[in-house]
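Just below is one structure, and these are the notes that go with it.
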Amino acid sequence: MRNTRSLNAKTKADKTQSGKTKAGNSKDPKAGNAKAARAKPAKKAKSKAQITGTPYDDVFHTLLIDCSELVIPLINEVFGTHYTGSEKIIFSPNEHYLKRQGGKENERITDSSFRIEDPDGKGSRKYHMECQSRPDNSMLVRFYEYDTLIALDGGELKDNVLTVTFPCSALLLLRHRASSPDRLKIRMITPGGTVEYDIHVIKSQTYTLEEIFEKNLLLLIPFYIFTHEKRFRKYKEGSAGLAALQAEYSQIRERLEKLTARGAISEYTKCTINDMSKKVLENIAKKHDSVREGVETVMGGKVLEHEAKTILKKGIAQGEKQGFTRGKKQGMEQGLEQGLEQGLAQGIPQGEEKLSRLIEKLITDNRQQDVLQVTQDKKYREKLYEEYRIS
């Protein structure tokens with residue numbers, strides 16, 4: 001089912017060659033100029049159709065991919081499902097190609113297509129979620145394009161019948177109007193009859209802080225600042241409004257720390273939620289210094305990088321290095337070629353596991369500074385291995 005791109009590319013090449021032949025046979029040079037002039041508006045239309053991501057899309061996709069466990073409660077809230085959190089989430093390929101008029105292709109990238117498999121492996125369901133800061137007329141067109149491509153990715157051709165399964169789709173809307181609907185609808189009129197399905201709309205601003213924590217909708221926390229956006233101008237230094245905003249974010253920080261302490265979420269997830277909250281804040285309040293600085297003070301200052309991911313990457317890199325060293329030593333003892341192959345196969349996972357165990361214990365003991373140090377300082381790392389009796 002993944003031959004769409006190659007077929008489109010062939011069509012594009014055929015049409016391009018055809019266009020060259022017609023141009024070469026033209027007896028009237030003015031006719032060619034007229035065609036070129038008529039082609040110019042098409043270029044403008046293409047640029048208007050180009051879809052670009054926003055910082056809020058990036059935050060949403062980062063949370064889905066890096067903290068995929070956060071999506072389960074949101075799916076339950078939107079679709080009325082009863083997933084327990086033990087299900088497996090499998091993300092789909094994120095590159096798709098749309099065929100346009102004239103054989104041209106537009107690439108579409110969506111990180112928000114996934115399926116949830118039951119723990120027993122007996123069933124699964126496709127989902128597609130997108131994030132948008134405000135409603136516009138192109139949303140339904142994009143959903144139809146994405147959903148069709150997602151359905152084709154898993155299409156089955158049997159006995160001259162092509163079966164495609166469309167995903168359950170939802171839109172996270174960060175800003176909404178009073179007239180914004182709770183559901184959008186796609187209707188397809190086919191020769192065999194009319195088929196239609198709903199796109200569920202999640203209006204993030206309608207959820208209070210209490211509801212977010214009660215329903216475990218932690219994925220919405222980075223976007224909670226949108227509920228205050230219309231009052232930013234009133235939130236000046238020393239104002240009661242800014243103090244109330246800071247109090248709410250102080251509550252968010254404390255409640256996340258409590259969830260981490262009792263093991264409901266990991267330290268990594270907590271750090272990611274905080275980091276993504278700051279990234280949203282930096283964009284939405286870039287013209288309101290008092291709001292941005294006031295909230296950052298409560299949450300712990302400016303974020304320079306996605307810290308949780310940085311720690312994880314350093315730990316994996318260090319584990320690979322240790323595994324290679326162990327594999328090389330074993331290779332010298334057993335014979336270079338055979339020993340390296342076996343030693344690397346054993347050493348890399350062992351090195352990663354050893355360092356991962358150490359990092360997990362440090363995070364549990366709230367020793368974040370030591371986590372960074374052990375990824376850089378070999379002597380200190382060995383010292384902590386002994387301290388925690390990790391061999």
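Read the figures in this text as sums done on the coordinates, not as results from a lab. What you are looking at is a predicted structure, and each value in this text was computed from that prediction instead of being measured. Every residue, glycine as well, gets a Cβ built from its backbone with ideal geometry; the counts of neighbours run over all protein chains shown.
With the simple spin-label model, which puts each label point 7 Å out from Cα in the Cβ direction, the THR194 to ALA243 separation comes to 5.8 nm. Computed over neighbours whose Cβ is under 15 Å from that of ALA178, the net charge equals +4, Lys and Arg +1, Asp and Glu -1. Tell me, what is the FRET efficiency for LYS185 and GLN251 to the nearest 0.05, using R0 = 56 angstrom and their Cβ-Cβ distance as r? Taking R0 as 56 Å, the efficiency between LYS185 and GLN251 is 0.90.
Taking other residues whose beta carbon is less than 14 angstrom from the beta carbon of LEU140, and scoring Lys, Arg as +1 and Asp, Glu as -1, yields -2. Rounded if a/c is under 1.5, else prolate if a/b is larger than b/c, else oblate: which is the range 196-235, with a ≥ b ≥ c the root eigenvalues of its Cα gyration tensor? The shape class here is oblate. Pairs over the 21 Å Cα-Cα cut-off, from the set LYS230/LYS279; LYS236/LYS286; LYS236/LYS278; LYS230/LYS270; LYS270/LYS361; LYS88/LYS278: LYS230/LYS270; LYS88/LYS278. Highest mean packing comes first when the peptides 224-237, 261-274 are listed by Cβ atoms within 10 Å, giving 261-274, 224-237.
Sorted on the mean count of surrounding Cβ atoms within 10 Å across their residues, most packed first, peptides 169-177, 134-142 read 169-177, 134-142. Once the Kirkwood radius over Cα pairs is known for the range 209-299, the Stokes-Einstein relation at 20 °C and 1.002 mPa s delivers a diffusion coefficient of 160 µm²/s. Under a 5 Å amide H cut-off, with hydrogens placed 1.01 Å from N, LEU172 pairs with GLU130, CYS131, GLN132, ILE202 among residues at least 5 apart or on other chains.
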